[in-house]
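So the structure is just underneath, and the comments pick up after that.
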Amino acid sequence: MKPLRPGTTKADLVDVVYERHGGLTKDEAAQIVEVIFRTVKTSLADGRTVRIKNFGTFEVTRRPGRIGVNPMSGEKMFIRPHNGLSFKTARRLKDEITPMRKLE
């Protein structure tokens, strides 16, 4: 059994695909995982929203320009408008990771 590490890596995902789908080589499992990630990245780069049922929604959001403060010097500076990435968790995933709280 592998020692526990914090978090999950792409290699961990490849291992899961490899173990659950007999008949695939490790390289084929890695290609499947890579295609999924590449598709998500390409969609987001094109400005499209990515919805994964029972997991969540990734969306590119436009962040307006604003005045910020340099934490090192305290000097005010303009932060240019830019794109950001937001993720909204699907209700089902929230329900799975958030323990139910009993009413007292």
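Values in this text are rule-based calculations from the coordinates and carry no lab data. All values derive from a computational prediction rather than experimental measurement. All Cβ positions, even for glycine, are placed from backbone atoms using ideal geometry, and neighbour counts span all protein chains on display.
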Angle in degrees between helix 10-20 and the longest Cα principal axis of the chain, rounded to the nearest 10: 30
Acute angle (nearest 10 degrees) that the helix 26-45 long axis makes with the longest principal axis of the chain, alpha-carbon atoms: 30
Cleavage-rule hits, GluC sites (Glu not before Pro), the stretch 14-76, DSSP coil, Cβ neighbours within 10 Å at most 15: GLU75
Within straight-line cross-link reach of LYS26, aspartates and glutamates at Cα separation under 18 Å, skipping those fewer than 8 residues along the same chain: ASP12, ASP15, GLU34
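For the chain, what does -39500 (n - 2.57) per DSSP helix run (n ≥ 4), summed and divided by total residues, give at 222 nm, in deg cm²/dmol to the nearest 500?
-11500 deg cm²/dmol, from helical runs alone.
Mind checking the dipole of the chain: about its Cα centre, +1 per Lys or Arg Cβ, -1 per Asp or Glu Cβ, Debye to the nearest 20?
In debye, rounded to 20, the chain gives about 540.
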Relative contact order computed over the stretch 49-99 (Cα-Cα under 8 Å; 6+ residues apart), in percent: 40
Over 28 Å between alpha carbons, listed pairs LYS10/LYS53; LYS10/LYS76; LYS10/LYS94; LYS10/LYS88: LYS10/LYS76
Prolate/oblate/rounded call for the stretch 49-99, Cα gyration tensor, a/c under 1.5 rounded: oblate
Two-decimal log10 I(q)/I(0) for the chain, as the Debye equation yields it once each C-alpha is a single scatterer, q = 0.12 Å⁻¹: -0.72
Sequence-distant residues sharing a close amide H with PHE55 (under 5 Å, placed H): ALA90
Listed residues THR57, THR39, THR25, most fluctuating in the chain (Gaussian network, C-alpha, under 10 Å): THR25
